[in-house]
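Chemist: Dumping the structure here so I can ask a few things about it.
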Amino acid sequence: MRIWGPLTAVCLGTFMLLLDVSIVVVALPDMARTLHASLSDLQWVIDVYALALAALLLGAGAAADVLGRRRVHVAGTVVFALASLGCGLASNAGLLVAARAVQGMGAAAMFATTLPLLGTVYQGKQRSVALGMWGAVSGGAAAVGPVIGGLLTEGPGWRWIFFVNLPVSVASVWLTLRVVPESKGAPGRRVDWAGTAAFACFAGAATYATVRAGDVGWTSASTLGAYGVAVLSLLVFAVVEQRAAHPLLDMALLRRPALAGVLLGAFGFSIAAFGAVPYLSIWLQTVLGMSPLRGSLVLLPLAGTSFVVAAVGGRLLHGVPARFVIGGGLLLVGIGGFCMAVLDAGSGWPALIPGLALVGVGTGLVSPGLGGAALAAVPPARTGMAGGAVNTFRQLGYALGVAVLGTVLTSRMRDTLGAAAHTVAGGGAGSLRDTASEHMGSTHMVSEHMGSDHTALDHMVRAAFASGLNMVAVVAGTAGIVAGVLVLALVRARREQPTEDSRDLGREHMPVAETV
């Protein structure tokens, strides 16, 4: 317990908070029926959690360096648990979305402190093993979320996907207070609240604009206006950080190619590996007619391979340059995406398995590699900042990736159905297009609008959805390939020179080799 207790405590919280990113996917239809929620409500149930994570991770990481990383981690876990209770008790969609936002705030405090806490406790090969297990948990949690969600939704009901967080939270808090030592960054620092607000505004506006584009188009006034706010907020953030005595994100760190490569890799990784998962789940349930549990089990190759590869890789890849591990893993994720772009109207779930397995292998390599490279790319006193940055880019990539890929899917479906409209008599084609655009995410998207005598329409919907998923897979795969190339080009081994922040918790500045 003395050696691996801290890892267990951190992994409990990590698994729980990352599980809640994807666990709601298969429960959305049941939520809609119970809460009379619209499609927009359901989208925000997913996006607001990831958005809160992305918007506040940097601020939480900086606050943890000042206030104490263990203290912030425990406080975040308590907030997360209370918000989970609120999610489970929500009586309408608005309350559920609000509780999910608060849940994301607590998760941000937990997630921003995971890497710094591990970096404080473990060194050398033990650190590689710890990061490998942490990566296995983080990658596996995101992938296995739909499976656990399917089990709970078909069992006690969707509310229990939130209630189960309560006993896990209690165990995590108890263990953290018992075995994890407190740690801080350099003394005398202050929290950059102005930078936190500016970055949160940027992340929120960018995500809102991307989600909005799926409804009203990329060139609509509301979409362009929201993107304008995002750009302005980002500029304000850059100016504030340049002038702040204790910046939220030291802009000089972004001039380090290694850290820039890690951040770009984290962003592309979340898009490529997980951005398409909600739409694969929808396809399995609505087009193939699977139950939430059966549909979620199809995703097991991704979860299983990612967990095994990450756990084994921490031991076997110690000393291997991170650029090869992360870059190679991202290339595998990208190739896996392309392997899933083979669907047609008659395709079944086995067509996804090779691609999902490849994505899982790549995920198992990338998840722990990102953590190690982020810690290695900065001085020890900046580990909280680096941990918050890399996790921010991961969650922002997921939030924007889900929104962008959803727009790609619906646009492709509309185009495919429009091209086939001349084969449908009367107003059938228009009705079918409305079905595709207005009922994405509903398990009744097909069944409520077609009877057994509408074989031609059934074939068109299947073909359109397959075509949309193929395009989603290509876009996701491209994101993985581009991110992998950038990591291979930017993340290089180097040894940092001592700086004024070269001490953390009494330890001398350590050489920073870019290895897993």
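Chemist: May I ask for the net charge around residue 162, where only other residues with Cβ less than 12 Å from the Cβ of residue 162 are counted and Lys, Arg are +1 while Asp, Glu are -1?
Modeler: Neighbourhood net charge equals +1.
Chemist: Using a/c under 1.5 as the rounded threshold, could you call the stretch 35-143 rounded, prolate or oblate? The axes a ≥ b ≥ c are square roots of the C-alpha gyration tensor eigenvalues, and prolate needs a/b larger than b/c, oblate otherwise.
Modeler: Numbers: a/c = 2.74, a/b = 1.92, b/c = 1.43.
Prolate.
Chemist: Grab the other residues whose beta carbon is less than 10 angstrom from that of residue 241, score K and R as +1, D and E as -1, and report the net.
Modeler: Values: positive: 243; negative: 192, 250.
Taking every Cβ under 10 Å from that of residue 241, the sum is -1.
Chemist: Same structure, new question: Taking a label point 7 Å from the Cα of residue 126 along the Cα→Cβ vector, which residues of the stretch 1-29 have an amide N closer than 18 Å to it?
Modeler: 1-11
Chemist: Right, something else. Sort 49, 208 by accessible area with a 1.4 Å probe, largest first.
Modeler: On the way: 49 0, 208 95 Å².
Ranking 49, 208 by accessible area, largest first, yields 208, 49.
Chemist: Multiply the residue separation of residue 419 and residue 218 by 0.36 nm, subtract the distance between their alpha-carbon atoms, and state the gained length in nm to one decimal. Walk me through the numbers on the way to the answer.
Modeler: Values: separation 201, 0.36 × 201 = 72.36 nm, distance 2.15 nm.
Stretched out fully, the residue 419 to residue 218 stretch lengthens by 70.2 nm.
Chemist: Taking the Cα of residue 91, stepping 7 Å toward and past its beta carbon, and measuring to each backbone N in the stretch 10-36: which are under 16 Å?
Modeler: Hits in the stretch 10-36 for residue 91 at 16 Å: 34-36.
Chemist: Which of rounded, prolate or oblate describes the stretch 188-339 when judged by the alpha-carbon gyration tensor and an a/c cut-off of 1.5? Each step should come with its number before you reach the end.
Modeler: Working: a/c = 2.56, a/b = 1.25, b/c = 2.05.
It is oblate, given that a/c is not under 1.5 and a/b is not larger than b/c.
Chemist: What size of dipole, in debye to the nearest 20, comes out for the stretch 125-246 about its Cα centre when the only charges are +1 on Lys and Arg C-beta atoms and -1 on Asp and Glu C-beta atoms?
Modeler: 460
Chemist: Provide the net charge surrounding residue 99, with neighbours chosen by a C-beta distance below 15 Å and charges set as Lys +1, Arg +1, Asp -1, Glu -1.
Modeler: Residues near residue 99 contribute -1 overall.
Chemist: If you don't mind, another one. Picking from 237, 305, 317, whose Cα lies most toward the positive end of the charge dipole for the stretch 221-350 (charges on Cβ: Lys, Arg +1; Asp, Glu -1)?
Modeler: The one lying farthest along the dipole's positive direction is 317.
Chemist: Along the charge dipole of the stretch 188-276, Cβ charges K/R +1 and D/E -1, which of 193, 227, 269 sits furthest on the positive end?
Modeler: Checking the options against the dipole of the stretch 188-276, the answer is 193.
Chemist: Then there's this: Set Lys and Arg Cβ to +1 and Asp and Glu Cβ to -1, take the dipole of the stretch 1-105 about its Cα centre, and tell me which of 14, 91, 26 lies farthest positive.
Modeler: 14
Chemist: Efficiency by 1/(1 + (r/R0)^6): what FRET value for residue 174 and residue 67, r their Cβ-Cβ distance, R0 = 35 Å, to the nearest 0.05?
Modeler: Working: r = 21 Å, r/R0 = 0.59.
According to the calculation, E is roughly 0.95.
Chemist: Right, here's the next one. Counting only protein chains, not ligands or nucleic acids, how are 467, 411, 367 ordered by accessible area (probe 1.4 Å), most first? Working shown, then result.
Modeler: Details: 467 25, 411 45, 367 0 Å².
Result of the area sort, largest leading: 411, 467, 367.
Chemist: Let me ask something additional. Based on the mean of other beta carbon atoms within 10 Å per residue, what is the order of 149-157, 264-272, 481-489, 61-69, most packed first?
Modeler: Highest to lowest by the protection proxy: 264-272, 61-69, 481-489, 149-157.
Chemist: Now a separate question. Please compute the length gained on full extension between residue 232 and residue 478, using 0.36 nm multiplied by the number of residues separating them and subtracting their Cα-Cα distance.
Modeler: 85.7 nm
Chemist: Further, regarding this structure: Could you order 184, 125 by accessible surface area, starting with the largest, using a probe radius of 1.4 Å? Working shown, then result.
Modeler: Details: 184 85, 125 120 Å².
Ranking 184, 125 by accessible area, largest first, yields 125, 184.
Chemist: Would you please give the FRET efficiency between residue 38 and residue 252, computed as 1/(1 + (r/R0)^6) with r the Cβ-Cβ distance and R0 = 51 Å, to the nearest 0.05?
Modeler: Efficiency for this residue pair is about 0.65.
Chemist: Treat the stretch 225-314 as a sphere of radius equal to its Kirkwood radius over Cα pairs and apply Stokes-Einstein at 20 °C in a medium of 1.002 mPa s; give the translational diffusion coefficient in µm²/s, rounded to a whole number.
Modeler: On the way: Rh = 17.1 Å.
In µm²/s, the coefficient is 125.
Chemist: Next question. Measuring from label point to label point, each 7 Å out along Cα→Cβ, what is the residue 193 to residue 239 span in nm?
Modeler: About 2.0 nm separates the two model spin labels.
Chemist: Something else about it: Spin-label point model (7 Å from Cα, Cβ direction): what's the residue 4 to residue 455 distance in nm?
Modeler: 5.8
The values are calculated or read from the model by the stated rules, or taken from the named source; none is laboratory data. In this text the structure is predicted, and so the values were computed from the model without any measurement. Ideal geometry is used to build each Cβ from the backbone, glycine not excepted, and the neighbour counts take in all protein chains shown. Side chains included, ligands, DNA and RNA excluded: accessible areas come from the protein's heavy atoms. Shrake-Rupley method; radii C 1.70, N 1.55, O 1.52, S 1.80 Å.
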